[in-house]
Amino acid sequence: MTFKTRRTLWKCLWTFILLIFFVISVYPVVWMFFGSLKDTNEFYTNIWGFSTNPSWSNYAKAWNNAALGEKLINNIIVTVGSLLVLIPVNSFASYAIARLKFKGKRWIYMYLLLGIMIPTGVLGIPTFTVALNMGLNNSHLGLILVYAAQSIAMGVFIMRSFFVTLPKALEEAAIVDGCTRFGSFVKIILPLAKAGVVTQVIFNGLTIWNEYFMANIMITSQHLQTLPLAIANFTGQHTTDYPVLFAALSIATLPVIVIYVICQKSFIEGVAAGAVKG
Amino acid sequence: MRIGKRKIDTFPYLMCLPAIILFTIFIILPFFDGLYMSFFKWDGFSEPEFIGLRNYSNSIHDSLFWLSMKHTFIYAILVTVIKNVLAFLLAYILVRKVPFQTLFRTGIYLPVTLSYVVIGVLWSWVYNPTFGLINSFLTMIGKEEWILGWLSDPDIALYSVVVVDVWKWLGYHMVLYLAGMQAISKDYYEAASIDGANGFKQLIHITIPQLNSTIVVNVLMSLTGAFASNYDIVNVMTGGGPANSTEVSLTYIVSNAFRYSNMGKANAMSMILFAFVFVFGFIQLRIMSREDGYDV
Amino acid sequence: MRKSLVIAIISIICILFASCSKEESASTSQTATAEKEKIVILGPACTLAEEQAAWDQVIASFTAETGIEVEQQRQGTWDDTLQRLQTRRISGEQVDLIVVGMGTVSASLAPAGQVMDLTELMRPLYDRFPEGVLDSCTLGGHLWVIPYQDASGTSCFYNPDLFEQYGLSVPTTLAEWIDVAEVFSANGIIPFMIQGGDNWAWAMPFFDTYGQATGGESVERVEEWLSGERSFNDPEVYEAMNALKALFDNGILTSESFATDEDAMLANFVQGRTAMIFGGTWIYASLKSMNPGFEIRATEFPVLIEGAEPVHAFATGDGALAIPSWISDDNLENVMRFVEYILRPENAKAIICANAGGNPIFEVVNGAIGESDVVTEFLNEVSVPHSVTYLDWIWPTQINDAICSVMSQVVGGRMSAEDAASYVQDQLDTLVSQEDYVYAWWDSWSEEDWQEVTPATIPDVTAWEV
């Protein structure tokens, strides 16, 4: 077997493996979308196939019944707001921990890492109590701060691992250029850790976008509800209206997929640009 | 060491301060609240009653709690190993030029975006004995004897849930590995090729060592995820059944808190779980991040 | 200079905190002043837009008539209501009515003294309900909730076309059922299904067989058991468990049922893959909405124990209204006025029918009934007279979970009925020893405990009646 045929064989094998993973990953999303176009009867009788009589009425129903437009805006406010808080907060701390020498650094890092090990879901009610005492219940700001806080442990950990891989001489070079330390961090170091930032955006953004538990505890006003709260409307005590639920979920998932596709591009470019010879 | 009169450099502390403040207020305070309440008998509503360590002794004598801990460990180890190996392999393939590279990268990520409600319906139907895809497939290829009670057999159900968890998060870990691999300088590989190192040797001597920090991130994320945030996936798939065979710590703790209205015991069990994760998390961190050049 | 940037960011965070707390405290004081003329309803979201519309409409006319505002805080699922109530308890925000199930009230809210004893409050309105409807909403002789949704029970549903096609008649005993199952199985049809994929559903068939084994005395037996007067290691318990195991052993209940949840069971039924299913009567509305043309009939769960009579579970209060015990005394009159208003036949009919998707099966509030059909007639006339209340509203949630967990193992042949009963008994013993569980908590309450849940004054409801 020549080198070339072996290579081609390998390539076929890879493509085949990828194809399998691709199908089992993509089909569910397509299935959800198909489901949203079926009526209830077809949903239960034609389970795996494409809708024979696709109808968009479920979307209209979902949109109107749960006032999804308003909730979508709320969800964007909360998600973007949380990212705007958590990205700088995590980046600052992880930069200091990764690249600066100071007393107590080790303890600060260990302290923040504790967050990875605390099952936050169980502490929903105490978290609510804290927010309540600060007057932050039933507000988007409260949710934003809680989400940002919950991201800190993992975020600092991830960002730190990106910062430590950068060459040690970077700051010195920047200071020679006449930047202050904060300036060199913002202008030189942070752009190089763009991949870390994007990692946080896609992970935390997604978690926050779909977060239900804390939102349900903290939000009491109808007009402040986020998308997952509205989507829970379709889950009844005994029965769930799946086609409408799936329509609502398709609406909720679409922006996430679009953002990932956009991020993915800049992510990979960002990483390539940040690949400094060490 | 010079201590003398040197002014303390506040810059690093200022950089850490916002994170410390937020973290202390919204994570550590509630955590201590939980710790405090673990010494009380409390149904969530009426006046808490101090009972000392009784919640802890009740938890320790609760065989279901230990069963759920055992499942959590099996779950965590399986999920961590499978996710990382598969994600690494997929990234290893996708980092080079393959047809439809972007399409594959995007497609495999899609399950990450799916809501748990959809995952619950979808996968319990995929596993369904009458119209499920798996059994139809096995029947089609004539392997009826491989058909198992995917979600109904207490010996198998936990593994079926693990498969769903791996499926859901595979894309995410793959993306992290991809990012890490992209960042490895091409020079290493060129130099290795000149030295005559083949693909496998390059993998062992260049790719894996260079990916050390990425591997640490991925392993830690999947491990702690399995301990501290697998509630949703287990809940939508089996709710802990059949016969408690998929009961993990979190589902059991949440049941105690909100179904059995026993917040005190739930908090005590959370603290025990935390202690375990704490020990394991730090051992893992110490082993895996000894050598990244920066002293922590 | 750049250092100041960091300081600026920190101060922004601090200012955000400070400003927000100010804003919030202002709004809480507003609600405090408005409290008197406002009622707040806390509950899960309405699944059907029609139901929400019906509430909105009834509330609008109530406000027009009385000037009392009603705020609906309906959000999330039924399972989350307890958590949301907890947060209100902590924050002290106003809640006057809770949409909740009697199961939750009897398992946690009532024993914790969180809901008002409605016995005297509601007495003038008892005639708004058909005879016996309030029984399952009563615990220890006190009324705790106002049923305000279709009632439910356990029942079998079957596909009459399939029975006709194979010339079979609907079984009423185990022997008949075995013959029927043989024919269906031979033709590739699953004879019978339960929703064993849902853990909680495993107790439901036990309600029926334990009722059969005890001659309809299952509730009394469970009460005695929970009070420590008898053990769960009891021949009647074994008999009830083994009766279900016999279904599996005789090929009536097949392995498919173990991994089939409610949705999958319904899917199997409407696809004609299974001839007969067992579940809560609420699935009837789901089945009808899936395919209105599909023929469905109800039948009683066959008698599996020699010489027994059929017994089913049935109860009102699955969806109900409760009043928190911490409600302000001043507002109680407004709340009762609202309760009186929504219990008027035309209003009850509008909301309860909309909730049931048009036609409730049972009449829970006078006048709140739609059109009947052959299935609802059967359920009302044959099933209900053979019914006792849900046992899971009597035994604690832990016990229910334990029974569900062992039932699937007994039926599947992984555990003997004796071992299963011992396991459940152990769970109860643990509850008693570790958590001081008492069944008849209402007997152990002190005078002060009762004071907490008893209204100081009883508003005169009759004054507003039309």
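Does B:A179 satisfy the criteria of being touching a helix residue (DSSP H, G or I) at 6+ places or on another chain (Cβ under 6 Å) and open to solvent by less than 10 Å² (accessible area, probe 1.4 Å)? Against the criterion (touching a helix residue (DSSP H, G or I) at 6+ places or on another chain (Cβ under 6 Å) and open to solvent by less than 10 Å² (accessible area, probe 1.4 Å)), B:A179 qualifies. Inclusion of C:W225 among residues that are open to solvent by 30 Å² or more (accessible area, probe 1.4 Å) and more than 18 Å from C:G412 (Cα to Cα) is not warranted.
Tell me, yes or no, whether region B:271-288 has at least one residue that is open to solvent by 40 Å² or more (accessible area, probe 1.4 Å), in a loop (DSSP other than H, G, I, E, B) and either touching a residue at least 60 places away in the same chain (Cβ under 8 Å) or under 30 Å from C:S108 (Cα atoms) (or both). For region B:271-288, residues open to solvent by 40 Å² or more (accessible area, probe 1.4 Å), in a loop (DSSP other than H, G, I, E, B) and either touching a residue at least 60 places away in the same chain (Cβ under 8 Å) or under 30 Å from C:S108 (Cα atoms) (or both): absent. The residues of region A:193-213 that are of a type in the set (D, E, K, R) and within 14 Å of chain C (Cβ to nearest Cβ) amount to a single one, A:E211. Taking region A:1-83 as the region of interest, the helices (runs of 4 or more DSSP H) fully inside it that hold 3 or more residues being open to solvent by 40 Å² or more (accessible area, probe 1.4 Å) and of a type in the set (D, E, K, R) are A:3-36. State the number of residues belonging to region B:42-66 that are within 12 Å of another protein chain (Cβ to nearest Cβ), closer than 22 Å to C:A110 by Cα and at pLDDT 95 or above. So the count comes out to 0.
Looking at region A:143-156, can you tell me whether even one residue there is open to solvent by less than 10 Å² (accessible area, probe 1.4 Å), out of contact with any Leu (no Cβ under 9 Å at 6 or more places or on another chain) and not in a loop (DSSP other than H, G, I, E, B)? Scanning region A:143-156, I find no residue that is open to solvent by less than 10 Å² (accessible area, probe 1.4 Å), out of contact with any Leu (no Cβ under 9 Å at 6 or more places or on another chain) and not in a loop (DSSP other than H, G, I, E, B), so the answer is no.
Each row is one residue, and each column tells you yes or no for (1) in the same structural domain as A:N90 (by TED's automatic domain parsing); (2) over 22 Å from B:S222 (Cβ atoms); (3) not polar (S, T, N, Q).
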| position | (1), (2), (3) |
| --- | --- |
| A:G135 | yes, yes, yes |
| A:V156 | yes, no, yes |
| A:T165 | yes, no, no |
| A:F185 | yes, yes, yes |
| A:V197 | yes, no, yes |
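Can you tell me which residue in region B:133-150 is nearest to A:F33 (Cα to Cα), limited to those that are outside any helix (DSSP H, G or I) and under 27 Å from the mean Cα position of the chain (by Cα)? Looking at residues that are outside any helix (DSSP H, G or I) and under 27 Å from the mean Cα position of the chain (by Cα), I get B:W150. Taken over region C:371-426, the criterion of being more than 11 Å from chain B (Cβ to nearest Cβ), open to solvent by less than 30 Å² (accessible area, probe 1.4 Å) and part of a loop (DSSP other than H, G, I, E, B) is satisfied by C:Y390, C:I394, C:W395. Screening A:W107 on (1) at the interface with another protein chain (Cβ under 7 Å from one of its Cβ atoms); (2) over 21 Å from the mean Cα position of the chain (by Cα); (3) open to solvent by 10 Å² or more (accessible area, probe 1.4 Å) shows it passes everything except condition (1). Residues in region C:47-89 that are assigned to a loop (DSSP other than H, G, I, E, B) and either within 14 Å of chain A (Cβ to nearest Cβ) or on the phi > 0 side of the Ramachandran plot (or both): 6 in all.
A single member of C:T87, C:T47, C:T104 is buried (at least 16 other Cβ atoms within 10 Å of the Cβ), in contact with a Phe, Trp or Tyr (Cβ under 6 Å, 6 or more places away or on another chain) and free of Cβ contacts under 8 Å to residues at least 24 places away in the same chain, and it is C:T87.
For region C:75-94, the criterion of being more than 20 Å from the chain's Cα centre (by Cα) and of a type in the set (G, A, S) is met by at least one residue. Summed over region A:214-265, residues that are more than 7 Å from chain C (Cβ to nearest Cβ), crowded, with 24+ Cβ neighbours inside 10 Å and not in a helix (DSSP H, G or I) total 2. Here C:V339 qualifies as open to solvent by less than 30 Å² (accessible area, probe 1.4 Å), within 17 Å of C:V133 (Cα to Cα) and either of a type in the set (A, V, I, L, M, F, W, C) or not assigned by TED's automatic domain parsing to the domain that holds C:L118 (or both).
Test of understanding: among A:N46, A:N58, A:N64, which residue is more than 8 Å from every other protein chain (Cβ to nearest Cβ) and free of Cβ contacts under 8 Å to residues at least 12 places away in the same chain? Steps first, answer last, please.
Working: A:N58 fails: free of Cβ contacts under 8 Å to residues at least 12 places away in the same chain; A:N64 fails: more than 8 Å from every other protein chain (Cβ to nearest Cβ).
Just one listed residue meets the conditions, A:N46.
Whenever a residue of region C:52-79 is within 22 Å of A:N138 (Cβ to Cβ), it has no partner that is loosely packed, with under 14 Cβ neighbours inside 10 Å and among the polar types (S, T, N, Q) lying with C-beta atoms less than 8 angstrom away and at least six residues away or across chains. For region C:124-142, a tally of residues being touching a helix residue (DSSP H, G or I) at 6+ places or on another chain (Cβ under 9 Å), open to solvent by 10 Å² or more (accessible area, probe 1.4 Å) and not in a loop (DSSP other than H, G, I, E, B) returns 6.
Among the residues of region C:189-203 satisfying the criterion of being over 26 Å from C:Y166 (Cβ atoms) and open to solvent by 10 Å² or more (accessible area, probe 1.4 Å), which is nearest to the other protein chains (Cβ to nearest Cβ)?
Checking each candidate, the answer is C:N199.
Results for (1) at the interface with another protein chain (Cβ under 9 Å from one of its Cβ atoms); (2) more than 20 Å from the chain's Cα centre (by Cα), shown as yes or no for each residue.
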| residue | (1), (2) |
| --- | --- |
| A:L83 | no, no |
| A:I97 | yes, yes |
| A:Y111 | yes, yes |
| A:P126 | yes, yes |
| A:S139 | yes, yes |
| A:F162 | yes, no |
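Apart from one condition, A:P88 fits all of (1) under 27 Å from the mean Cα position of the chain (by Cα); (2) open to solvent by less than 40 Å² (accessible area, probe 1.4 Å); (3) assigned by TED's automatic domain parsing to the domain that holds A:A248; the exception is (2).
The values are calculated or read from the model by the stated rules, or taken from the named source; none is laboratory data. No experiment lies behind these values; they were computed from the predicted model shown. When we count neighbours, we look across all protein chains shown, and the Cβ atoms used for this are built from the backbone with ideal geometry, even at glycine. We work out accessible area using only protein heavy atoms, side chains counted, and drop any ligands, DNA or RNA first. Shrake-Rupley method; radii C 1.70, N 1.55, O 1.52, S 1.80 Å.
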